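Here the structure is laid out as structure tokens; the discussion comes afterwards.
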Amino acid sequence: MRGKTAEDLTLLELLDPVAEAAGYEIVRLRLMGGADRRLQIMAERPDGHMEVSDCAALSRAISDVLDAADPIAGEYMLEVSSPGVDRPLTRLKDFQANQDMAVRLELDRLAEGRKRFKGVLAGVEDQDVLIDLEGEVEHTARVPFAWIVDAKLVLTDELMKRGAAEREVRLAAQALSPDGEAVQSEKEDV
């Protein structure tokens, strides 16, 4: 799920070690075609966060390897970003970390008579993802992780509030100096 095509998977093999050495994890990689090809990489730090400076640092590290290895024919644009608040879920740990959140799943085969599911993540058991299905009272679908080809959090008020709360905690932590004392702002209340 982190890569869709054989070319994506080859690029992941090349770039995963680069990202890990730089302190990041690639969440998803897509080489998109058309007249203007684009290599889109969504990544995050192990703590699940990704700042603009992190995107720039990872972009530089990846660019160096791509320039040397030249694995992509022709011109393309490299785009490195965070997965965003309504992120794709591509690893089992993504499903575990987002339990109780609304999600959409698409499978590569039928399960319970369908390929698409919408509901609330109910957990992970072994290699299966559990989802409480929307509109179906007390029915939890069990979907093998290996069958999922696309999964994404649904943008809801709850998800937005969680994202805002996480950002607030991150900003508060950044406002502390290394010794734990609050850093004085230039704009103090008078």
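Structural remarks
- D36/S59 FRET efficiency (R0 22 Å; Cβ-Cβ; nearest 0.05): 0.80
- Distant alpha-carbon pairs in the chain (separation over 27 angstrom), percent: 41
- Screening the chain for whole DSSP H helices of 30 Å or more along their axis (Cα) with average Kyte-Doolittle hydropathy at least 1.6 returns none.
- In the chain, the DSSP beta bridges split such that about 85 percent are antiparallel, to the nearest 5.
- Approximate shape of the stretch 16-60 as ellipsoid semi-axes (Cα gyration tensor, √5λ), whole Å, largest first: 21, 11, 10
- Inter-centroid distance (Cα atoms) of the stretch 129-147 relative to the stretch 63-117, Å: 20
- Convex hull volume of the stretch 69-108 per residue (C-alpha atoms, cubic angstrom): 157
- Environment charge at R170 (Cβ cut-off 14 Å; Lys +1, Arg +1, Asp -1, Glu -1): -3
- For the chain, the number of Lys pairs separated by eight or more positions or lying on different chains, with C-alpha atoms closer than 18 Å, is 6.
- Local electrostatic count, T90, Cβ distance below 12 Å [Lys/Arg +1, Asp/Glu -1]: +3
- Prolate/oblate/rounded label for the stretch 109-150 (Cα gyration tensor, a/c 1.5): oblate
- Förster radius 41 Å - calculated FRET efficiency between E75 and V137 (Cβ-Cβ, nearest 0.05): 0.20
Every read-out reported here was derived from the displayed coordinates using simple, explicitly stated rules and does not represent laboratory data. The structure presented is a predicted model; accordingly, all values stated were derived computationally and were not measured. Methodologically, a virtual Cβ is constructed for each residue, glycine included, from the backbone with ideal geometry; neighbour enumeration extends over all protein chains shown.
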